[in-house]
Each structure stands twice: as structure tokens, then as C-alpha cells.
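Engineer: My questions will all concern the structure given below.
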Amino acid sequence: MDTFSASAATALQLIASGDPGLWAIVLRSLAVSASACLLASGLGLLFGAWLAVARFAGRGALLTLLNTLLAVPSVVVGLVVYLLLSRSGPLGFLGWLFSFEAMVLAQTLLVLPLVTALTRQVVEDAERSHGEQLRSLGAGTVLRSLLLAWDERYALLMVLITAFGRAISEVGAVMIVGGNIEGFTRVMTTAIALETAKGDLPLALGLGLVLLAVVLLLNALVALLRRWRERADGTGLPLVLT
């Protein structure tokens with residue numbers, strides 16, 4: 001039996017048998033990414049929706065900066081968070097370096113621009129279609145942003161799923177600020193890199209298969225939400241105004 005077949009068979013056995021080491025890493029990965037997306041969505045949805053309808057001096061420059069942040073590599077985000085949390089850094093007093101909290105912070109900063117930018121685009125597209133109607137009814141900037149965001153809730157759910165997929169599949173930031181400590185800060189992506197380097201291919205492949213399954217599930221949810229959105233589009237914005 002070749003190496004790939006043997007590794008795959010052992011990986012499937014680890015998954016099916018509920019190997020404690022493997023599933024502890026999986027659950028930690030899900031917890032880190034879910035916490036980061038929860039924090040990023042709370043800020044990104046509100047700011048992105050407001051930014052879509054607000055008009056002010058410097059808005060173009062802010063949008064350019066936001067779009068630039070989308071392209072920042074995860075290792076750069078990890079480096080910035082590392083410097084902030086290091087003993088001599090401004091947040092060193094928190095003692096978060098090489099901890100669960102440090103990984104959550106790094107992933108939050110990584111996906112926050114994504115949530116904000118995509119939310120802004122979704123709500124701004126809705127503003128072009130329904131903004132005049134809302135303004136004629138006397139809705140101000142904040143109310144318009146909230147109503148438009150609610151009307152585009154299916155699209156925004158897809159934004160959050162996309163952000164979760166981005167968070168759980170990244171490796172650079174969490175490796176830098178988490179340290180890849182076994183039993184504490186080791187997540188799927190960092191464990192795959194480490195176990196592959198060590199030659200423990202079954203565990204690495206098992207984690208890879210679970211990560212692939214998670215990504216597949218996320219894409220299935222996006223497709224399902226897209227169908228729901230297409231069905232809801234026929235009712236349109238008046239639903240939130242009645």
C-alpha cells in the first residue's frame with residue numbers, strides 16, 4: 001500500500017474513532033474562528049451598513065484604506081498583533097500572547113475589513129434601489145442603514161459565512177500569536193503544517209479532511225442562503241416598512 005493510501009486509511013480511522021487529540025484541535029479551531037467572527041460581525045455589519053449610506057468628507061479615502069486592508073497578508077496581521085501583545089507592547093499588560101485570546105484578536109482583525117467591505121457593498125447596492133423611497137419617508141442615515149441591512153439579511157449571512165471560512169482556513173496570524181502550543185493554541189491549520197513537517201501524515205491528513213468538510217459545509221450554506229434570498233427578493237423592501 002502506498003503512503004497516501006495508508007495515511008488516508010489511518011486518517012479516516014482517527015476521524016471515525018473520535019480520536020481525542022484530533023477532535024480537540026478541531027473544536028479549538030471552531031471556537032477561535034467563531035469567536036473572532038462574532039466580534040468582527042458586531043463591528044463590521046454596523047460600520048459597513050452605515051458607511052454604505054453616509055456621505056462625508058474623506059469617505060473615498062476611507063474606502064480606499066478599507067479595500068487595501070482586504071489584501072493585507074495574515075502574517076502581517078499576526079505580526080502587528082504580536083507587537084501589540086508583546087511584553088514591551090502597548091497591550092502587553094494583558095498577558096494574552098500565545099493564548100486563545102491572542103488568536104481570537106488576530107482573526108478578528110483579519111476578517112473585520114472583509115465583513116465591513118462586503119457589508120458596505122451589499123447595503124450600498126440596496127441603497128441605490130431603495131434609498132430614495134426611504135428618504136421620502138423621512139428615514140435618516142442610521143435608520144436607512146438598519147432597514148437596508150435587514151432587507152439584505154440573506155446576503156449578509158453569506159458575508160458572515162465567508163468571513164468564517166476565511167478565519168478558519170488561515171494559518172499565519174494564529175501561528176505567530178498563538179505559538180502552536182499543543183493542548184492550548186494548536187488549531188487545524190497550524191497542526192497540519194507541524195504534523196506534516198514531523199512526518200505524522202495520518203493526523204495531518206485527518207485534520208485536512210475535517211477542514212475540507214467544514215469548508216464544504218460553509219459553501220453548501222452559502223448556496224442554500226442564495227436560494228432563500230432569490231425567493232425573498234420577490235417580496236422586497238416593503239416588508240420591513242409595513
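The values are calculated or read from the model by the stated rules, or taken from the named source; none is laboratory data. Everything quoted here is computed from the prediction, not taken from an experiment. Glycine gets a Cβ as well: all are built from the backbone with ideal geometry, and neighbour counts include every protein chain shown.
Engineer: If F56 satisfies all but one of (1) closer than 30 Å to R144 by Cα; (2) surrounded by 12 or more Cβ atoms within 10 Å (Cβ to Cβ); (3) modelled with pLDDT under 95, what's the number of the condition it fails?
Structural biologist: (2)
Engineer: Sticking with this structure for a sec: Take V72 and decide whether it is β-branched (V, I, T), buried (at least 20 other Cβ atoms within 10 Å of the Cβ) and closer than 22 Å to F164 by Cα. Let's see the steps before the verdict.
Structural biologist: Values: β-branched (V, I, T): yes; buried (at least 20 other Cβ atoms within 10 Å of the Cβ): no; closer than 22 Å to F164 by Cα: yes.
No; evaluated as a whole, the condition is false for this residue.
Engineer: Something else about it: Do any residues in segment 76-87 that are in contact (Cβ under 8 Å) with a residue 24 or more places away in the chain have Cβ atoms under 7 Å from those of residues that are polar (S, T, N, Q) and surrounded by fewer than 17 Cβ atoms within 10 Å (Cβ to Cβ), where the two are at least six apart or on different chains, and which pairs are they?
Structural biologist: none
Engineer: Can you name every residue in segment 1-42 that is outside any helix (DSSP H, G or I) and either closer than 24 Å to F100 by Cα or among the acidic types (D, E) (or both)? So that I can check it myself, show each step before the final result.
Structural biologist: Applying the first criterion (outside any helix (DSSP H, G or I)) to segment 1-42 yields 1-2, 17-19.
Answer for segment 1-42, where residues must be outside any helix (DSSP H, G or I) and either closer than 24 Å to F100 by Cα or among the acidic types (D, E) (or both): D2, G18, D19.
Engineer: Of everything in segment 201-215, what is at pLDDT below 90 and surrounded by fewer than 16 Cβ atoms within 10 Å (Cβ to Cβ)? Give them in sequence order.
Structural biologist: V215
Engineer: For segment 136-198, list the helices (runs of 4 or more DSSP H) that sit wholly inside it and hold at least 3 residues that are at pLDDT below 90 and crowded, with 20+ Cβ neighbours inside 10 Å; which are they? I'd like the intermediate steps shown before the answer.
Structural biologist: Values: elements: 141-151, 153-168, 172-178, 188-198.
Answer list for segment 136-198: 141-151.
Engineer: What do you reckon, is G78 closer than 27 Å to L143 by Cα, of a type outside the set (D, E) and assigned to a helix (DSSP H, G or I)? Give the derivation first.
Structural biologist: Working: closer than 27 Å to L143 by Cα: no; of a type outside the set (D, E): yes; assigned to a helix (DSSP H, G or I): yes.
In short, no.
Engineer: Another one. Any residue at all in segment 107-121 that is surrounded by 14 or more Cβ atoms within 10 Å (Cβ to Cβ), basic (K, R) and touching a helix residue (DSSP H, G or I) at 6+ places or on another chain (Cβ under 9 Å)?
Structural biologist: Yes: one or more hits.
Engineer: Looking at E124 and the list (1) surrounded by fewer than 20 Cβ atoms within 10 Å (Cβ to Cβ); (2) of a type outside the set (G, A, S); (3) over 29 Å from A31 (Cα atoms); (4) at pLDDT below 90, which single condition is not satisfied?
Structural biologist: (4)
Engineer: Can you go through L39, L97, L27 and tell me which one is within 30 Å of R144 (Cβ to Cβ) and either at pLDDT 95 or above or buried (at least 18 other Cβ atoms within 10 Å of the Cβ) (or both)? Lay out the reasoning, then the answer.
Structural biologist: Numbers: L97 fails: within 30 Å of R144 (Cβ to Cβ); L27 fails: within 30 Å of R144 (Cβ to Cβ).
Selected residue: L39, the only one of L39, L97, L27 that is within 30 Å of R144 (Cβ to Cβ) and either at pLDDT 95 or above or buried (at least 18 other Cβ atoms within 10 Å of the Cβ) (or both).
Engineer: So if I check each of S99, S86, S74, S129, which one is farther than 18 Å from F47 by Cβ, polar (S, T, N, Q) and touching an Asp or Glu at 6+ places or on another chain (Cβ under 6 Å)? Before you say what the answer is, go through the steps one by one.
Structural biologist: Numbers: S99 fails: touching an Asp or Glu at 6+ places or on another chain (Cβ under 6 Å); S86 fails: touching an Asp or Glu at 6+ places or on another chain (Cβ under 6 Å); S129 fails: touching an Asp or Glu at 6+ places or on another chain (Cβ under 6 Å).
The unique qualifying residue is S74.
Engineer: Let me ask something else. On the given criteria, is S129 closer than 19 Å to W50 by Cα, hydroxyl-bearing (S, T, Y), buried (at least 22 other Cβ atoms within 10 Å of the Cβ) and at pLDDT below 95?
Structural biologist: Numbers: closer than 19 Å to W50 by Cα: yes; hydroxyl-bearing (S, T, Y): yes; buried (at least 22 other Cβ atoms within 10 Å of the Cβ): no; at pLDDT below 95: yes.
Here the answer is no, as S129 does not meet what is asked.
Engineer: Another question, then. So is R87 of a type in the set (K, R), over 17 Å from T185 (Cβ atoms) and assigned to a loop (DSSP other than H, G, I, E, B) or not? Don't jump to the end; show me each part of the working.
Structural biologist: Values: of a type in the set (K, R): yes; over 17 Å from T185 (Cβ atoms): yes; assigned to a loop (DSSP other than H, G, I, E, B): yes.
Spelling it out, R87 is indeed of a type in the set (K, R), over 17 Å from T185 (Cβ atoms) and assigned to a loop (DSSP other than H, G, I, E, B).
Engineer: In contact (Cβ under 8 Å) with a residue 60 or more places away in the chain and among the charged types (D, E, K, R), is that true of R120? Write out each step before concluding.
Structural biologist: Values: in contact (Cβ under 8 Å) with a residue 60 or more places away in the chain: yes; among the charged types (D, E, K, R): yes.
Judged against the criteria, R120 is a match.
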